[in-house]
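Visitor: First the structure, then my questions, so here it is.
Nothing in this text is a laboratory measurement; each read-out follows from the coordinates by a stated rule. Just so it is clear, the model here is predicted, and its values are computed rather than measured. Glycine gets a Cβ as well: all are built from the backbone with ideal geometry, and neighbour counts include every protein chain shown.
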Amino acid sequence: MLMFAMPPNTRVVKAIHTLHDLGISIDEVKLVLKHLLMFYDKSCDLINEENYRVPTDTIFDSEEVEDVPSRNKLENIEQDQVLWEEAQKQDEIRQSLKRFFLKF
């Protein structure tokens, strides 16, 4: 059974080339375009408006979010430690209650 690939959408190819010219990796552009096309029900009109502003903003906004986690990682580690200590205390209480009830 032969399967033929569909020809690429010229609007998508143009968007990939334009965003790649801005210094964005092709893989990242493809991923963002894939998500935006699903979000916009495969309509390229909103994606192509204002010289590809929507995909460009999406990519640069996601990069800004990825730059922030260094502080958040420390906060998450501290929260994890607190949660782990609380879980340990609860386990100790359960064990002591278990011993208490086993005596009777």
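Visitor: Give me the pairs: first residue in segment 6-31 and small (G, A, S), second residue surrounded by 14 or more Cβ atoms within 10 Å (Cβ to Cβ) and not in a helix (DSSP H, G or I), beta-carbon distance under 8 Å, and six or more apart or on different chains, which are they?
Guide: That search, which allows pairs on different chains as well, returns A15/C44.
Visitor: Right, something else. Which members of segment 29-62 meet the condition of being more than 16 Å from I16 (Cβ to Cβ), under 20 Å from the mean Cα position of the chain (by Cα) and not charged (D, E, K, R)?
Guide: If the condition is that a residue be more than 16 Å from I16 (Cβ to Cβ), under 20 Å from the mean Cα position of the chain (by Cα) and not charged (D, E, K, R), then M38, F39, Y40, F60, S62 are the ones that fit.
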